[in-house]
Amino acid sequence: MSLKIRTATDVAPEQLRNLVTDNLVTLLGDGARPWKEMAGLGDHCLLATDSADELTLISFHPEEPGQALLAGLSWMDQLRSNLAALFLRDYRKPSRLLVLTPGTLPGAETLRQCGEVQSLSFQVLSVNDELGLFLQPTGRKPEKPTFSFQPDARSTDSEAKEPVLSAEEEEFFGQM
């Protein structure tokens with residue numbers, strides 16, 4: 001059996017929403033489920049509870065990372081206002097924002113430092129004509145390699161006593 005894997009193009013907003021909903025356990029952990037009390041967040045946002053029953057706002061866009069971020073931040077602002085509690089029954093404020101982007105997220109380094117905003121990069125793949133999400137972390141810098149200098153253990157005392165500069169070089173640099 002052969003697998004036909006390709007990048008899916010022209011993914012409709014409802015298809016992407018279904019993929020995100022189907023992958024809530026992968027995104028938020030075991031026990032994650034959509035929060036049914038808040039359905040009308042547009043095409044690119046949804047609320048879900050995670051394994052600790054914390055409310056998370058998930059924002060996504062099939063093509064524009066900036067749009068996903070702006071929509072998520074806008075809804076977070078609206079949902080955290082005191083007015084939201086007046087109009088919504090069984091209201092809880094979302095504890096964090098998870099932004100899913102198809103590319104590099106603007107301000108990823110700044111957002112990474114903010115504990116309430118997390119981001120993941122996604123790619124919609126078609127595997128034998130079935131759509132799926134390929135998720136990976138964004139905004140991470142590669143770890144810097146650590147180097148430690150250790151003198152060459154093979155050097156002898158005679159090598160260490162040899163002058164680094166010749167007599168001519170010492171005279172030249174001594175005149176400066």
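Give me the residue from region 1-27 that is touching an Asp or Glu at 6+ places or on another chain (Cβ under 9 Å) and touching a residue at least 60 places away in the same chain (Cβ under 8 Å) and, out of that set, surrounded by the most Cβ atoms within 10 Å (Cβ to Cβ).
16
Could you check how many residues of region 96-107 are surrounded by fewer than 19 Cβ atoms within 10 Å (Cβ to Cβ) and over 25 Å from residue 4 (Cα atoms)?
Residues flagged as surrounded by fewer than 19 Cβ atoms within 10 Å (Cβ to Cβ) and over 25 Å from residue 4 (Cα atoms) within region 96-107 amount to 4.
Yes/no matrix, rows are residues, columns are (1) touching a Ser or Thr at 6+ places or on another chain (Cβ under 9 Å); (2) among the small types (Gly, Ala, Ser); (3) farther than 23 Å from residue 129 by Cα; (4) not in a loop (DSSP other than H, G, I, E, B):
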{"residue": "6", "(1), (2), (3), (4)": "yes, no, no, yes"}
{"residue": "20", "(1), (2), (3), (4)": "no, no, no, yes"}
{"residue": "26", "(1), (2), (3), (4)": "no, no, no, yes"}
{"residue": "31", "(1), (2), (3), (4)": "yes, yes, yes, no"}
{"residue": "36", "(1), (2), (3), (4)": "no, no, yes, no"}
{"residue": "46", "(1), (2), (3), (4)": "yes, no, yes, yes"}
{"residue": "68", "(1), (2), (3), (4)": "yes, yes, yes, yes"}
{"residue": "71", "(1), (2), (3), (4)": "yes, yes, yes, yes"}
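Pick from 125, 120, 100, 105: which is part of a loop (DSSP other than H, G, I, E, B), closer than 18 Å to residue 63 by Cβ and among the hydrophobic types (A, V, I, L, M, F, W, C)?
Being part of a loop (DSSP other than H, G, I, E, B), closer than 18 Å to residue 63 by Cβ and among the hydrophobic types (A, V, I, L, M, F, W, C) holds for just one of 125, 120, 100, 105, which is 105.
Computed from the coordinates by the stated procedures, all read-outs in this text should not be read as laboratory data. Source: prediction; values computed, not measured. Glycine also receives a Cβ, built like all others from the backbone with ideal geometry; neighbour counts cover every protein chain displayed.
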